[in-house]
1. Within the range 46-63, can you find the residues that are touching an Asp or Glu at 6+ places or on another chain (Cβ under 9 Å) and aliphatic (A, V, I, L, M)?
2. Here are some conditions: (1) more than 17 Å from Leu20 (Cα to Cα); (2) out of contact with any Asp or Glu (no Cβ under 9 Å at 6 or more places or on another chain). Leu81 meets all but one. Which one does it not meet?
3. Report the residue count in the range 1-26 for those that are in contact with a Leu (Cβ under 9 Å, 6 or more places away or on another chain) and assigned to a loop (DSSP other than H, G, I, E, B).
4. Search the range 77-103 for residues being assigned to a helix (DSSP H, G or I) and among the charged types (D, E, K, R), and hand back the single one that is farthest from Gln56 (Cα to Cα).
5. Got a number for residues in the range 63-76 being assigned to a helix (DSSP H, G or I) and either modelled with pLDDT under 95 or not hydrophobic (A, V, I, L, M, F, W, C) (or both)?
6. Can you name the residue in the range 1-29 that is closer than 17 Å to Gln48 by Cα, hydrophobic (A, V, I, L, M, F, W, C) and free of Cβ contacts under 8 Å to residues at least 24 places away in the same chain and is also surrounded by the fewest Cβ atoms within 10 Å (Cβ to Cβ) among such residues?
Amino acid sequence: MTDHVTALRQLLLSAPQEALPMTYQQVATELGLTPPRTIGQVTQALEQLMREDAAQQTPFIAALVVSRRGDGLPATGFFELAVALGRFPKDPTLHESAYRAEFQSALNEREDCQR
């Protein structure tokens, strides 16, 4: 699992900006994950990245991954964990705007890392 987390962070830091956000399936393909539970493997790695970023007080790089059927938003688990980690408001009506801000912060942080 740690290998997936490291590889996922590297993928999201190095992907061309025009390729972002990526879908869970795109991430699974890029990481060469194989069934069973390829999307589950991706979500577990994303959740670990969120915990690491929360501990470091940096933007969630996991915000750069979205559900292909979520109107350009991550799956519900992203929002649940963001709330649990104290980074998003509990009110679900505020989640989309919080996500949009987090997505932009993650892009900015990524640019800073590339300099």
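The values are calculated or read from the model by the stated rules, or taken from the named source; none is laboratory data. Remember, it's a predicted structure, so these values are computed and weren't measured experimentally. Using ideal geometry, Cβ is built from the backbone for each residue, glycine included, and neighbour counts are taken over all protein chains shown.
1. Ile61, Ala62, Ala63
2. Result: Leu81 passes all but (2).
3. Residues in the range 1-26 being in contact with a Leu (Cβ under 9 Å, 6 or more places away or on another chain) and assigned to a loop (DSSP other than H, G, I, E, B): 3 in total.
4. Step one: filter the range 77-103 for residues assigned to a helix (DSSP H, G or I), giving 77-84, 92-103.
Applying the additional criterion that residues be among the charged types (D, E, K, R) yields 80, 96, 100, 102.
Numbers: Glu80: 19, Glu96: 23, Arg100: 20, Glu102: 15 Å.
The selected residue is Glu96.
5. Going through the range 63-76, the residues assigned to a helix (DSSP H, G or I) turn out to be 63-64, 76.
Remaining after also requiring either modelled with pLDDT under 95 or not hydrophobic (A, V, I, L, M, F, W, C) (or both): 76.
Counting residues in the range 63-76 that are assigned to a helix (DSSP H, G or I) and either modelled with pLDDT under 95 or not hydrophobic (A, V, I, L, M, F, W, C) (or both) gives 1.
6. Step by step, filter the range 1-29, then rank; the result is Leu11.
Listed here are the residues, each with its yes/no results for (1) out of contact with any strand residue (DSSP E or B) (no Cβ under 9 Å at 6 or more places or on another chain); (2) surrounded by 16 or more Cβ atoms within 10 Å (Cβ to Cβ); (3) at pLDDT 95 or above; (4) closer than 17 Å to Val5 by Cβ.
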{"position": "Leu46", "(1), (2), (3), (4)": "no, yes, yes, yes"}
{"position": "Ala54", "(1), (2), (3), (4)": "yes, yes, yes, yes"}
{"position": "Ile61", "(1), (2), (3), (4)": "yes, yes, yes, yes"}
{"position": "Phe78", "(1), (2), (3), (4)": "no, yes, yes, yes"}
{"position": "Ala82", "(1), (2), (3), (4)": "yes, yes, yes, no"}
{"position": "Pro89", "(1), (2), (3), (4)": "yes, no, yes, no"}
{"position": "Ser97", "(1), (2), (3), (4)": "yes, no, yes, no"}
{"position": "Arg110", "(1), (2), (3), (4)": "yes, yes, no, yes"}
